[in-house]
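Here the structure comes first, spelled out in structure tokens, and everything after it is commentary.
The values are calculated or read from the model by the stated rules, or taken from the named source; none is laboratory data. Here the structure is a predicted model, which is why all the values come from computation and not from measurement. All Cβ positions, even for glycine, are placed from backbone atoms using ideal geometry, and neighbour counts span all protein chains on display. Note: accessible area is taken over every heavy atom of the protein model, side chains too, but ligands, DNA and RNA are not part of it. Shrake-Rupley method; radii C 1.70, N 1.55, O 1.52, S 1.80 Å.
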Amino acid sequence: MANLELRNLNKTYSSKVVPVKDISLKVDEGEFLTLLGPSGCGKSTTLRLIAGLEQPTRGQIWIGERNVTDLRSGDRNIAMVFQSYALYPHMTVAENIASSLKLRHLSKLEIRQRVTDVATKLGLEELTQRKPSQLSGGQRQRVALARALVRQPDVFLLDEPLSNLDALLRERVRAELKQLFKAQNTPVVYVTHDQTEAMTLSSKVAVLYNGNLQQLDPPQRIYTHPANRFVASFVGSPQMNLFVLSCRDNAAWLGNFPIPVPLPTVPPQIVLGIRPENVCLARAEDTHTIQGQIYLVESLGMQNLLSVRVQGAPELTIRALLPAAWQWSDDIVKLTLSPQSLHWFDAATGDRLF
Amino acid sequence: MQLDKIQKREQLTGWMLTLPALLLLLLVFAYPIGQAFWLSLFTKNLATQLQPVYSGWNNYVRMVFDGRFWETMQNTTIFTCVSVFLELLLGMGIALVLNQSFPGRGIVRTIAILPWALPTALMALAWAWIFNDQYGVWNDILQRLGLIHTEINWLGEPSLAMMAAIAAEVWKTTPFISILLLAGLQSIPVELYEAHALDGANPWQSFWRITLPLLMPQILIALLFRFAQAFGVFDLVLVMTGGGPAGATETVSLYIYAMVMRYLDFGYGAALIVVTFLLLVAAVAIVSFLLSKARNSKF
Ligand SMILES: Nc1ncnc2c1ncn2[C@@H]1O[C@H](COP(=O)(O)OP(=O)(O)O)[C@@H](O)[C@H]1O
Ligand SMILES: [Mg+2]
């Protein structure tokens, strides 16, 4: 078993298309790393670089003590699950799973043993003689997983493996995936644009944007301490409220209401972020309160999402997520921004200040 | 019960809708073939007699002892098998190259199909000149390279003439096969090769385990078309060698043509047609059977 390390990885297709600019990160044994980012941010390219399906323009890839940057895909001992599954259509399920073992000239007996083991583990015993076209989407996905697992590789790569499943199935397979990879003491790199997947599956999340690593942290920390404005806005649903505010008297002014800035020196402008679930109806003793007019209520079942126009700054809308049981009497509400849940970002660079 | 009725009615509608096409096919195919079979049971030779005389299986018995028929059969078989084999090999190579992305691929693809678009008679004439012993380019090239010292009479020697005819045929129809195979290659997702590479395969293994099996339907279709066509080869050989020298390149269709048009022996000509037709049908049936098997194993 070995860890996976990317050192200053860069992939340049042309001066305008640089999907991976400079990415360094490390995935330890048994760690589940998710590459999270919007479509087109270079996630798949990063994964393909690791797999050796693309050659990096600069940088190195290490697996344990081996520099694999110049090795062929087949010599890296990496298994990958493709978004389209890439099952061989002319082979049966068993042949699909056995392909890599046959190519490595394992004995017939061992191949049969390992294929049976993994097929049993994934509940594919009944299907081993079928062709991929005779399987449902979920079954195909499991065959793709089985093909990766049977290899006992040094690294697992998965490129949006759940995106072709319907919503219900996706939730179930997500849970199965988590258990499956918990048992493997191998680095896993998982690509997704779905933050729920990233949050639930990973031990670490790498948020990518524009070919650069924005933040590399455990999912909880990504949520509570986004490293910059992009991460803050990308992670979390409904989206975090983000306001560019002017500062005066050690406070940022949200409309008519001063919000104290917890910094030794207060810049003239600052970005304030607060998640909708951290905005509550104010009680008498609360600080950090604002007032505004409700103009939209969206019911999400368990909660109501309120859109409120802030007094003194009609162009600013703050959204608050309130339990459905909470009632308010008037169109004008008083809200409190939970002080320990405020995020402060540099107005120019977007980096986290506090 | 109800479902059965609906199914029956749908079947009936289906038959009714295909009936016009079937009738047309019957008229265009079955009638002439039936006519040929009927004719083959008569002795009808315009050169010696005017009235056809019923002679049963006589024409077929004659065929068994007709040395020239067996010779043309052999020529046709050699011509067909060798040229189809070479076309498949070359066509596969060209298709694999054209399937790679390189600058100017579109133009190369268009140029590659050109030989197929040329009229056979014209291109056969050109090849006859290329292989001409006195003025031919081929002899000239070989001499300049110092490979031969005296001119070779390509179209004048039995086995050389066959080789020349095969070369022309291969040149003309390889593009057809490569375009057919290229279409097949392009329908294979790149990810299959990537997955196979990750499985540890080298390009050679990928070719045998991914490309070839997934290309089998196209290969069989190409074989089907080419076997049927090459077996009936006529214009190319007629223009290049006229069947000579000494009948060394005479194919079945040339022989039938001579039998009917030169010797005016309609009855025997018809018998030859029927037998060739049956042989072709058998060949096509075998390939079709393989094709359906390949399809089933793929999906
Ligand atoms: N082979 C290629 N040639 C040129 N551009 C490419 C190639 N592959 C990917 N790209 C570009 O790189 C960017 C990132 O792609 P990708 O890594 O697939 O994004 P995603 O994060 O959605 O997986 C995209 O803008 C894409 O157009
Ligand atoms: Mg992608």
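Decide, for segment B:224-299, between rounded, prolate and oblate: order the square roots of the alpha carbon gyration tensor eigenvalues as a ≥ b ≥ c, take rounded if a/c falls under 1.5, and otherwise choose prolate if a/b is larger than b/c, else oblate. Taking the square roots of the gyration eigenvalues as a ≥ b ≥ c, segment B:224-299 is oblate. Computed over chain B with a Gaussian network model linking Cα atoms closer than 10 Å, the most mobile of B:227, B:37, B:176 is B:37. When Rg and the Kirkwood radius Rh are both evaluated on Cα atoms of the protein assembly as shown, their ratio Rg/Rh stands at 1.18. Residue B:239 sits among other residues whose Cβ lies under 15 Å from its own Cβ, and their net charge, with Lys and Arg +1 and Asp and Glu -1, is -2. Note on chain B: GNM, Cα springs under 10 Å; of B:278, B:254, B:12, the largest mean-square fluctuation is that of B:12. Shielding by partners for peptide A:87-93, expressed as the average number of C-beta atoms from other protein chains within 10 Å of each residue's C-beta, is 5. Computed on segment B:172-299, with alpha-carbon pairs under 8 angstrom and 6+ residues apart, the relative contact order is 24 percent.
To the nearest 10, the accessible area of residue B:108 is 60 Å² with a 1.4 Å probe. For chain A, relative contact order (Cα pairs under 8 Å, six or more residues apart, normalised by length) works out to 16 percent. Dipole of the protein assembly as shown computed with +1 at Lys/Arg Cβ and -1 at Asp/Glu Cβ about the Cα centre; of B:294, B:142, A:256, farthest Cα towards the positive end is B:294.
Under a point spin-label approximation (7 Å from Cα along Cα-to-Cβ), what is the residue A:15-residue B:188 distance to one decimal in nm? Taking the two extended label points, one gets 3.9 nm. Each label point was placed 7 Å from the Cα along the Cα-to-Cβ direction; for residue B:117 and residue B:30 their separation is 4.0 nm. Across segment B:75-298, the mean sequence separation of Cα contacts (distance under 8 Å, 6 or more residues apart), normalised by length, yields a relative contact order of 28 percent. Summing Lys and Arg as +1 and Asp and Glu as -1 over all other residues whose Cβ lies under 14 Å from the Cβ of residue A:13 gives a net charge of +4. Overall form of segment B:1-92: oblate. Here a/c, set by the Cα gyration tensor axes a ≥ b ≥ c, is 1.5 or more, and a/b is not larger than b/c.
Name the most mobile residue of A:304, A:228, A:212, meaning the one with the largest mean-square fluctuation, in a Gaussian network model of chain A with Cα contacts below 10 Å. The residue with the greatest mean-square fluctuation here is A:304. The charge dipole of chain B, taken about its Cα centre with unit charges on the Cβ atoms of Lys, Arg (+1), Asp and Glu (-1) only, comes to about 840 debye. When DSSP beta bridges are restricted to pairs lying wholly in the protein assembly as shown, around 75% turn out antiparallel.
When all protein chains stay in place and ligands, DNA and RNA are ignored, the 1.4 Å accessible-area order of B:289, B:69, largest first, is B:289, B:69.
With a ≥ b ≥ c the root eigenvalues of the C-alpha gyration tensor of chain B, is it rounded (a/c under 1.5), prolate (a/b larger than b/c) or oblate? It would help to have the intermediate numbers written out before the result.
Numbers: a/c = 2.45, a/b = 1.07, b/c = 2.29.
Taking the square roots of the gyration eigenvalues as a ≥ b ≥ c, chain B is oblate.
Projected over all directions and averaged, the alpha-carbon convex hull of chain A occupies 21.8 nm².
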